[in-house]
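Here's the structure we're looking at; comments come further down.
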Amino acid sequence: MKLLEGKVVIVTGAGGGIGRDFALAMSAEGAKVVVNDLGSSVSGEGKDTGPAQKVVAEIKAQGGAAVASTDSVADWEAANRIVKTALDAFGRIDCVVNNAGILRDRFFFNMSVEEWKAVIDVHLNGSFYVARAAAPYFKSQNSGSYVNMTSTSGLIGNFGQANYAAAKLGIIGLSKSMALDMAKYHVRSNCIAPFAWSRMIGTIPSDTPEQQARLEKIKRMDTAKIAPLAVYLASDLARDVTGQIFGVRANEIFLFSQNRPLRSVHRAGGWTPEAIAEQAIPAMRAQFYALDRSQDVFSWDPI
Ligand code: NAI
């Protein structure tokens, strides 16, 4: 018996990169797959029905069942059509993988309102729209799994990605809320922060020798390496796994921490700004975080 036999999975942004490997791996485990992809550029411009249809053809050639959807996740009506595609084609929906994404990198002080909104719309609003459209079905069948793609850009930090970091950290809050609100219906929600060489990462600057060396290392991280965790999270093997944030980088899998108080200070009679400067901050400073970027924390080469 295959792990996802009888299950129907929607993978958004499945026309290429990590999402394509998710769709292929889900299908190989017996799932019927809605391959959703708008077919836009990395920055979210244009559309093309080709990428989704190509992945559907690949799945069918392997003997699997798949249907293409070229609606945008970034629109409520279109997101509902994505879910309807699953119901019309396969009669149910068991897993939503919120994977579609774009980048509009720019240093914060130069970022335009359009760049901010476009990225929030696809990642954060898009994840909400597709998840929310599937929620009534998950609720009534008393089962379902959400897999939401986040990023260490949000969890840790990165230059020039205020829009993307905010959206990806927003997805952490969304995923936890979905896990909490739907636990009583046995619906689970987890996040994956992937590291993989895709066209999205191809936009990383490679002007200096250091940047070029970093890029060469990133190229070794295969998109297909992310798929086993997504398949696991979609499957009944993960029936008791919810509200978690995982990471995958080549052959490493990470479990990320979640925010809890690190340290507290108390002062009878309350605080003044001066007392905070003199006592509270010195007491807490040892636990301050450096202004790290993702690459400072993931400082070793992919394994
Ligand atoms: P990718 O650019 O290869 O794939 C994203 C796909 O989403 C594209 O095929 C694109 O056409 C599609 N898409 C864009 N806007 C859409 C919309 N409105 N509706 C439907 N589809 C849309 O990128 P990659 O690397 O495969 O990214 C997959 C996910 O993983 C994204 O959420 C990304 O933010 C996340 N991620 C990737 C990392 C990496 O190292 N590649 C690192 C951290 C996060």
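Rundown of residues vs (1) basic (Lys, Arg); (2) within 25 Å of Leu103 (Cβ to Cβ); (3) outside any helix (DSSP H, G or I), yes/no style:
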| site | (1), (2), (3) |
| --- | --- |
| Ala25 | no, yes, no |
| Gly30 | no, no, yes |
| Gly46 | no, yes, yes |
| Pro51 | no, yes, no |
| Val56 | no, no, no |
| Val73 | no, yes, yes |
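Among what's in the range 15-46 and is among the aliphatic types (A, V, I, L, M) and near the ligand (Cβ under 7 Å from one of its atoms), pick the residue that is modelled with the lowest pLDDT. Break it down into steps so the answer makes sense when it comes.
Just the residues of the range 15-46 that are among the aliphatic types (A, V, I, L, M), to begin with: 18, 23-26, 28, 31, 33-35, 38, 42.
Among the residues that remain, those that are also near the ligand (Cβ under 7 Å from one of its atoms) are: 18, 38, 42.
Numbers: Ile18: 98, Leu38: 98, Val42: 95.
Among them, the one singled out is Val42.
Does Lys225 satisfy the criteria of being surrounded by 14 or more Cβ atoms within 10 Å (Cβ to Cβ), within 27 Å of Gly44 (Cα to Cα) and in contact (Cβ under 8 Å) with a residue 12 or more places away in the chain? When the stated conditions are applied, Lys225 passes them.
Filtered by the rule that a residue be more than 14 Å from the ligand (Cβ to nearest atom), among the aliphatic types (A, V, I, L, M) and more than 21 Å from Val297 (Cα to Cα), the range 190-236 gives Val231, Leu233, Ala234.
Just one of the listed residues (Asp236, Asp207) is out of contact with any helix residue (DSSP H, G or I) (no Cβ under 6 Å at 6 or more places or on another chain) and surrounded by 10 or more Cβ atoms within 10 Å (Cβ to Cβ), namely Asp236.
Within the range 85-111, can you find the residues that are in a helix (DSSP H, G or I) and within 15 Å of the ligand (Cβ to nearest atom)?
Here is the first cut: in the range 85-111, the residues in a helix (DSSP H, G or I) are 85-90, 108-110.
Listed by number, the residues that qualify are Thr85, Ala86.
Answer yes or no: is there a residue in the range 47-57 that is within 15 Å of the ligand (Cβ to nearest atom), of a type outside the set (A, V, I, L, M, F, W, C) and closer than 22 Å to Met149 by Cα. Yes, the range 47-57 has at least one match. Of the candidates Gln141, Gln161, the single residue that is surrounded by 24 or more Cβ atoms within 10 Å (Cβ to Cβ) and either within 15 Å of the ligand (Cβ to nearest atom) or farther than 14 Å from Met178 by Cβ (or both) is Gln161. Kindly indicate whether Arg81 is touching a Gly at 6+ places or on another chain (Cβ under 7 Å), more than 9 Å from the ligand (Cβ to nearest atom) and either of a type outside the set (Asp, Glu) or farther than 23 Å from Ala238 by Cβ (or both). No; evaluated as a whole, the condition is false for this residue.
The values are calculated or read from the model by the stated rules, or taken from the named source; none is laboratory data. Since the model is a prediction, treat every value here as computed from it, not as a measurement. In this analysis, Cβ positions are derived from the backbone assuming ideal geometry, glycine residues included, and neighbour counts consider all displayed protein chains.
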